[in-house]
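S.K.: Provided herewith is a single structure, encoded as C-alpha cells, for subsequent inquiry.
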Amino acid sequence: MLQPFDKLRGCKLAASDGEIGEVSEFYFDDRQWTVRYLVVTTGSWLKGRHVLIAPGALGEFDAQSGTLAVNLTQEQVRNSPPLDSDKPVSRQHESELHRHYGWDPHWVVPGAAGLGAYAPAVFAQQQALADPPPPERAEPEGDPHLRSSSELVNRYGFHAQDGEIGVVDDFVVDDKAWQVRYLVARTGPWLFGKQVLLAPEWIERISFEQWQVFVNLPRSAIKDAPVFDSEAPISRTYEQRLHDHYGRKTYWDAVEARGK
C-alpha cells in the first residue's frame, strides 16, 4: 500500500517482545529509489538511541493503531551497532549491522534489502571481495548514494524544464516493496500552494550541491496535474490519471513486463 511517509513518521515499531521505538526518517538509494533502512528512535528503555532497521525485518503496518511490526527482539536491537546520527552511514557500520542481524548485504546481493539470513562463511568471503583494502589517504565515509529523507524535505527545490515549481514536501512509499514511488512537491504561489506527485522516473537529475531536483516536465503540465491529498488513500485510479496526464508509462506496467 502507498503511504505518505509523514504517516509512517512517528509510528511505533512493535518487536516480538515489546515496543522498540518510533520511526523518525529513512535512508534510500538515490539510484534505485529503494528504502534501505528506517531510522528508529528508541524509547527510554534504550536511552533514546537511533538504530537502523532494514525493510526485510519489517512486517505489516497497522494504520489504525499506527504500529509497524518488526521481526526482531528487544535484545537484538539492544545489542545492535550504535548509530551516530550526525555522521553519514559508513559501509563499516552497514557491515556490522548486517552481520549482527544476519541480513543479506545489499551491496553484495543485488536487490537485497535485509532479506533472509546469510551464511557467515559466505558473507565473510563476499565481504572481502566487496570491500577494497583501506586507502593510504583517508576517504569520506559512507555510501554517496545512500541519502536521508530528512536531507531533502523542506530543503530541496523542484526545478521544471522552464523554472522552479516548489520544494520537496514528503515522499510516498510502498510499504510492501519498500520503494519510493513518488516525491511530494509543495508548489509555490503561482499554483496556490497545492501539492502534486512526481515519480522518480521523471527526475532528470538531482544536484546535491545546489539542493535542487530537476524534473523533465514543463511547469504548465505540473500546474494542471491532479492535486494530491495526503489525507485521502492513493488509489490506482488516481495513479492512472496522474500518469495519463503526464503521458508517462506506469511503474506497475514495467514491473509486470519484467515478470514475463
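The values are calculated or read from the model by the stated rules, or taken from the named source; none is laboratory data. What you are looking at is a predicted structure, and each value in this text was computed from that prediction instead of being measured. Here Cβ is always computed from backbone atoms with ideal geometry, including for glycine, and neighbour counts include all displayed protein chains.
S.K.: Going through 61, 28 one at a time, which residue ends up being part of a strand (DSSP E or B), of a type outside the set (D, E, K, R) and within 17 Å of residue 148 (Cα to Cα)? Spell out the reasoning first.
M.R.: Details: 61 fails: within 17 Å of residue 148 (Cα to Cα).
Selected residue: 28, the only one of 61, 28 that is part of a strand (DSSP E or B), of a type outside the set (D, E, K, R) and within 17 Å of residue 148 (Cα to Cα).
S.K.: Scanning for something within 19 Å of the chain's Cα centre (by Cα), buried (at least 19 other Cβ atoms within 10 Å of the Cβ) and of a type outside the set (A, V, I, L, M, F, W, C), does the stretch 49-62 turn up at least one residue?
M.R.: Yes.
S.K.: Now a separate question. Kindly indicate the residue of the stretch 199-224 that is touching a Ser or Thr at 6+ places or on another chain (Cβ under 9 Å) and in a strand (DSSP E or B) and also surrounded by the fewest Cβ atoms within 10 Å (Cβ to Cβ) among those meeting that condition.
M.R.: Among those that are touching a Ser or Thr at 6+ places or on another chain (Cβ under 9 Å) and in a strand (DSSP E or B), it is 214.
S.K.: Identify the residue in the stretch 172-198 that is within 22 Å of residue 147 (Cα to Cα) and either part of a loop (DSSP other than H, G, I, E, B) or outside the structural domain of residue 214 (by TED's automatic domain parsing) (or both) and, among all such residues, is farthest from the chain's Cα centre (by Cα).
M.R.: 176
S.K.: It is to be established whether one or more residues within the stretch 235-243 are assigned to a strand (DSSP E or B), of a type outside the set (Phe, Trp, Tyr) and without any contact (Cβ under 8 Å) to a residue 60 or more places away in the chain. Break it down into steps so the answer makes sense when it comes.
M.R.: Initially, the stretch 235-243 is screened for residues assigned to a strand (DSSP E or B), giving none.
Scanning the stretch 235-243 turns up no residue that is assigned to a strand (DSSP E or B), of a type outside the set (Phe, Trp, Tyr) and without any contact (Cβ under 8 Å) to a residue 60 or more places away in the chain.
S.K.: Here's another thing I want to ask about it. Taking the condition of being part of a loop (DSSP other than H, G, I, E, B), polar (S, T, N, Q) and within 18 Å of residue 47 (Cβ to Cβ), how many residues in the stretch 74-93 meet it?
M.R.: Filtering the stretch 74-93 down to residues part of a loop (DSSP other than H, G, I, E, B) leaves 79-90.
Adding the requirement that they be polar (S, T, N, Q) leaves 79-80, 85, 90.
Now drop any that are not within 18 Å of residue 47 (Cβ to Cβ), which leaves 79-80, 85.
Matching residues across the stretch 74-93 total 3.
S.K.: Something else about it: Would you mind telling me which numbered condition in (1) in contact (Cβ under 8 Å) with a residue 60 or more places away in the chain; (2) out of contact with any helix residue (DSSP H, G or I) (no Cβ under 9 Å at 6 or more places or on another chain) residue 36 fails?
M.R.: Evaluating residue 36 over (1) in contact (Cβ under 8 Å) with a residue 60 or more places away in the chain; (2) out of contact with any helix residue (DSSP H, G or I) (no Cβ under 9 Å at 6 or more places or on another chain) leaves (2) as the failure.
S.K.: Still on this structure, I have one more. Could you run through the stretch 84-117 and say how many residues are farther than 18 Å from residue 33 by Cβ, modelled with pLDDT of 80 or more and not hydroxyl-bearing (Ser, Thr, Tyr)?
M.R.: 10
S.K.: Working only within the stretch 203-249, note down all residues that are of a type in the set (S, T, N, Q) and more than 20 Å from residue 4 (Cβ to Cβ). Spell out how you get there, then give the answer.
M.R.: Here is the first cut: in the stretch 203-249, the residues of a type in the set (S, T, N, Q) are 207, 210, 212, 216, 220, 230, 235, 237, 240.
Selection gives 207, 210, 212, 216, 220.
S.K.: Let me ask something else about it. Could you check, for the stretch 156-171, whether at least one of its residues is part of a helix (DSSP H, G or I), crowded, with 20+ Cβ neighbours inside 10 Å and touching a residue at least 24 places away in the same chain (Cβ under 8 Å)?
M.R.: No, the stretch 156-171 contains no residue that is part of a helix (DSSP H, G or I), crowded, with 20+ Cβ neighbours inside 10 Å and touching a residue at least 24 places away in the same chain (Cβ under 8 Å).
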